[in-house]
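Here's the structure we're looking at; comments come further down.
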Amino acid sequence: MVAVFAIVGSAFGASSLARAACPPEDHDAASLAALKSREFVVVDAVEREAMAYALIDCLTSPDPNLRDGIAFSALQRWMRDGAFSPDVLRKLRARLDMMLLAEKSDADGVAKPFAALTLAEVARTDRIAPWMRADERAAMTQRAAAYLASVSDYRGYETGVGWRHGVAHGADWTMQLAMNPALDAERLRELARGIAPQVAPASGHAYVFGEPERLARATMAIARRDALDETEWRAWFAAVVPLRDNDDNAWNDPVWLARRHDASAFLHALYLQADREDTPGVAKLKAALIEALRELP
């Protein structure tokens, strides 16, 4: 899956983050702050669309006020207000895809996570009022699963830079897609495969920024669609929590301990959510989940 992700990225070309212009032309920090104070109201549709397109560059900014407080907040507000036509949404999606798949390194580590978070909002527009073709939806599913599986920068919140949160943002994108009734069972299985490597990362990174809860929410969205049976969920849990304590040195291994921490946090967050529901799909997940909890060292 990650290999496919890399190939698609090459097809887009090496989108240069160095050319990012933020604030956009004819704007400065003060004018963008004024836009925020107006709750991002831009009456003229042409002006709003041009601003949305320009603000995508601000998603790469190391300044959290520009990146999160203005650029992402504005794009989210306009998309949730239904302010864009399918043609505009396709243009925004294409720009975000280029950012997500850029080969150029991003030392601040903010561009790809915020591209993923904004693509979650694009996916939400299609869930609320369908506009994507089936092939577009399938391609976005592949990109979301590949992105989430590929995250290796686990930085979360940092004073002065704000959030990166690549795993959580990828999980949000996955959740929005999984909630879409137009997604078929195979696409849902693809999303589940994208979640799997991040439940207990092989690197031994210990989550501290709420990632297990966000991964659990995405997993619940897949379960509610009732695409995976109990046997499939058992196999999935066995793959995502491959931990056993039959090695005498396991409890002295920092990587093993970190992975156990992550797996435990995920399984308990998922159980807390699943225990509140009795829909058929969640019941199948819950049966496999209880077994996974019992087997957790």
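The values are calculated or read from the model by the stated rules, or taken from the named source; none is laboratory data. Everything numeric in this text was worked out from a predicted model, so none of it was measured. With ideal geometry, Cβ positions are generated from the backbone for all residues, glycine too; neighbour counts draw on all protein chains shown.
Every residue in the range 77-109 that is assigned to a loop (DSSP other than H, G, I, E, B) and at pLDDT below 95, please. Break it down into steps so the answer makes sense when it comes.
Initially, the range 77-109 is screened for residues assigned to a loop (DSSP other than H, G, I, E, B), giving 81-85, 101-109.
Hits for the range 77-109 are Leu101, Ala102, Glu103, Lys104, Ser105, Asp106, Ala107, Asp108, Gly109.
Give the number of residues within the range 213-235 that are crowded, with 20+ Cβ neighbours inside 10 Å and among the polar types (S, T, N, Q).
Qualifying residue count for the region: 1.
Among the numbered conditions (1) in contact with a Leu (Cβ under 7 Å, 6 or more places away or on another chain); (2) assigned to a loop (DSSP other than H, G, I, E, B); (3) crowded, with 20+ Cβ neighbours inside 10 Å; (4) not hydroxyl-bearing (Ser, Thr, Tyr), tell me where Phe40 comes up short.
Unmet for Phe40, out of (1) in contact with a Leu (Cβ under 7 Å, 6 or more places away or on another chain); (2) assigned to a loop (DSSP other than H, G, I, E, B); (3) crowded, with 20+ Cβ neighbours inside 10 Å; (4) not hydroxyl-bearing (Ser, Thr, Tyr): (1).
Among the residues of the range 146-179, write down those that are part of a loop (DSSP other than H, G, I, E, B) and more than 15 Å from the chain's Cα centre (by Cα). Break it down into steps so the answer makes sense when it comes.
So in the range 146-179, the residues part of a loop (DSSP other than H, G, I, E, B) come out as 151-156, 159-161, 164-165, 179.
Result: Thr159, Gly160, Val161.
List the number of the failed condition for Trp131; all other conditions in (1) under 25 Å from His205 (Cα atoms); (2) touching a residue at least 40 places away in the same chain (Cβ under 8 Å); (3) assigned to a loop (DSSP other than H, G, I, E, B) hold.
Going through the list (1) under 25 Å from His205 (Cα atoms); (2) touching a residue at least 40 places away in the same chain (Cβ under 8 Å); (3) assigned to a loop (DSSP other than H, G, I, E, B), Trp131 breaks only (1).
Return a yes/no flag: does the range 150-159 have any residue that is touching a residue at least 24 places away in the same chain (Cβ under 8 Å), of a type in the set (Asp, Glu) and under 22 Å from Ala107 (Cβ atoms). Steps first, please.
We begin by selecting, within the range 150-159, every residue touching a residue at least 24 places away in the same chain (Cβ under 8 Å); these are 150-157.
Retained after the next criterion (residues that are of a type in the set (Asp, Glu)): 153.
Filter again for under 22 Å from Ala107 (Cβ atoms), leaving 153.
Within the range 150-159, one or more residues are touching a residue at least 24 places away in the same chain (Cβ under 8 Å), of a type in the set (Asp, Glu) and under 22 Å from Ala107 (Cβ atoms).
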